[in-house]
Amino acid sequence: MSDSIDLDAIRAGTLKKLSGAKLDDVDLAECNLSGAQLAGANLSGGDFSRANLSRAHLEGSNLVGANLAGADLRANLWGANLMQCDLTGADLRGANLRGANLMGAKLIGASLTGAFLSGASLMNANLKGADLRGADLRGANLSDSNLRSADLSRCDLQGATLTEANLEEANLQEANVRGASLARANLLCADLQGMLTVGADLTGACITGTILAE
């Protein structure tokens, strides 16, 4: 971390123009960073748990391994690197996560309703119990991800990759999976009512106990 950055000013909310800043391993837990300019910043390994990052500009930022549990991230995270982040219980409603790297991220119980995740990488991510209602996941890679008990109702998953994903007891009502790959996915006891499956690859998928119609 750069010694020239005034952390007290950041914590006080008076310093928010931090684009390109080097803030790795910083402790900004519970801080108010709403509207902060953090595009291209290095925030890897930092503690931002329960921080307010609503409306923050985090495009292309490096958040690898950061603690964002419980944080308000209704922000612009386009192309950000969130690999191995802890986003447990985070608020990502309507967030722009297009093209973001969320490989191996922990998103247990996170709220992602209406989030924009087209082209994002969520390989091996843990989304157990996450709320993804109405999210845009077109072309996203969710292979090997854990989506057990997640709510994916009305999601747009066109062209997405869900190979070997765990969707046990997930809600996929009215989800659009046209052209998506669900090969070898676990759909045990999932709710698939109204799901649009034209062109989807369900080769080897487990559909035991799924709800297909009312």
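Readers should treat all values here as calculations from the given coordinates under stated rules, not as data from a laboratory. Quantities reported herein were computed from a predicted structural model and do not represent experimental measurements. Cβ: placed from backbone, ideal geometry, glycine included. Neighbour counts: every protein chain shown.
List of remarks:
- In segment 38-71, the residues that are part of a strand (DSSP E or B) and within 15 Å of ASP27 (Cα to Cα): ASN42, ASP47, ASN52, ASN67
- Yes/no for ALA69 being out of contact with any Phe, Trp or Tyr (no Cβ under 6 Å at 6 or more places or on another chain), over 27 Å from ALA140 (Cβ atoms) and either surrounded by fewer than 23 Cβ atoms within 10 Å (Cβ to Cβ) or among the charged types (D, E, K, R) (or both): no
- Residues of segment 77-92 that are assigned to a loop (DSSP other than H, G, I, E, B) and among the polar types (S, T, N, Q): GLN84, THR88.
- Check on SER153, of a type in the set (Ser, Thr, Tyr) and closer than 21 Å to ALA105 by Cβ: no
- No other residue among ARG98, ARG74, ARG11 is in contact with a Cys (Cβ under 6 Å, 6 or more places away or on another chain) and not in a strand (DSSP E or B) apart from ARG11.
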